[in-house]
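Q: I have a structure I would like to understand better, so I am pasting it below and will then ask my questions one at a time.
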Amino acid sequence: NKEIEHIFPLAEGMAYLEDRHIVHRDLAARNILVGEDLVCKVADFGLARIIKDSVYTASRNTKIPVRWTAPEAALYQRFSVKSDVWSFGVLLYEIMSRGKMPYDGMRKNNKEVLEILSSGYRLPCPNRCPPNIYRIMLECWHAEASKRPSFHALHSQLENIYSRIYFKTIEV
């Protein structure tokens with residue numbers, strides 16, 4: 001699964017930001033640069049902030065990309081590394097669905113998306129997405145922010161999956 005090769009370096013980049021107490025706030029496929037040899041890098045730091053006390057509270061009139069944003073950030077403007085983890089789960093969905101817009105077929109506005117998320121709905125598993133990758137997405141979308149994995153944990157899980165796939169395809 002070629003997509004996984006491009007995903008785990010993104011988790012590594014986000015772990016770098018996590019270590020430096022920086023919250024991205026706009027993690028989505030549209031903000032990923034694809035370079036030579038299809039190397040993917042996190043980009044567009046226009047909304048990024050250094051956080052103190054593990055949370056950045058934005059002003060009420062801040063425009064946010066609701067379909068990629070954790071409920072606590074979209075509803076209460078409380079951004080953290082864990083809200084970036086939620087966005088990372090949506091980014092995984094975009095990559096594994098080959099570019100589908102989150103919640104696209106549902107004809108829901110931002111308010112309605114937040115309502116269904118609050119009631120427990122999560123994006124479905126994309127076609128051809130391995131179950132272990134979808135489980136990671138679901139971990140990223142845990143209702144309780146504190147129960148979402150760190151980017152270091154995500155990087156480790158994804159690198160493990162990639163290594164198993166890579167070494168399975170190489171004959172020694």
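Where a number appears in this text, it was derived from the coordinates with a stated rule and is not lab data. Here the structure is a predicted model, which means the values were calculated and not measured. Cβ sites come from the backbone with ideal geometry, for glycine too, and all protein chains shown count toward neighbours.
Q: Taking every Cα atom in the chain, find the radius of gyration and the maximum pairwise distance Dmax, and write them in Å.
A: When restricted to the Cα atoms of the chain, Rg and Dmax are 15.7, 58 Å.
Q: Take each complete run of DSSP H in the chain, measure how far its Cα atoms stretch along the helix's own axis, and keep only those covering 20 Å or more with mean Kyte-Doolittle hydropathy at least -0.5; list them.
A: Span-like helices, by this rule, are 2-19, 81-96, 151-169.
Q: Here's something else I'd like to know. So what's the gap between the Cα centers of segment 15-68 and segment 109-150, to the nearest angstrom?
A: 18 Å
Q: Okay, next question. So which lysines can Lys168 reach, going by Cα to Cα under 22 Å and dropping same-chain residues fewer than 8 places off?
A: Lys2
Q: Go ahead and set up a Gaussian network model of the chain, Cα springs under 10 Å, then flag whichever of Glu115, Glu12, Glu72 fluctuates most.
A: Maximum among the listed residues: Glu115.
Q: Check cross-link reach from Lys41 to the aspartates and glutamates: straight Cα distance under 18 Å, and skip same-chain residues fewer than eight apart.
A: Candidates past the 8-residue exclusion: Glu3, Glu5, Glu12, Glu18, Asp19, Asp26, Asp84, Glu94, Glu159.
Q: Which net charge results for the neighbourhood of Asn109, defined as the other residues with beta-carbon distances under 13 angstrom from its beta-carbon, given Lys and Arg at +1 and Asp and Glu at -1?
A: That works out to +1.
Q: Quick check: residue separation of Tyr16 and Ser59 times 0.36 nm, minus the Cα distance between them. What number comes out in nm?
A: 12.9 nm
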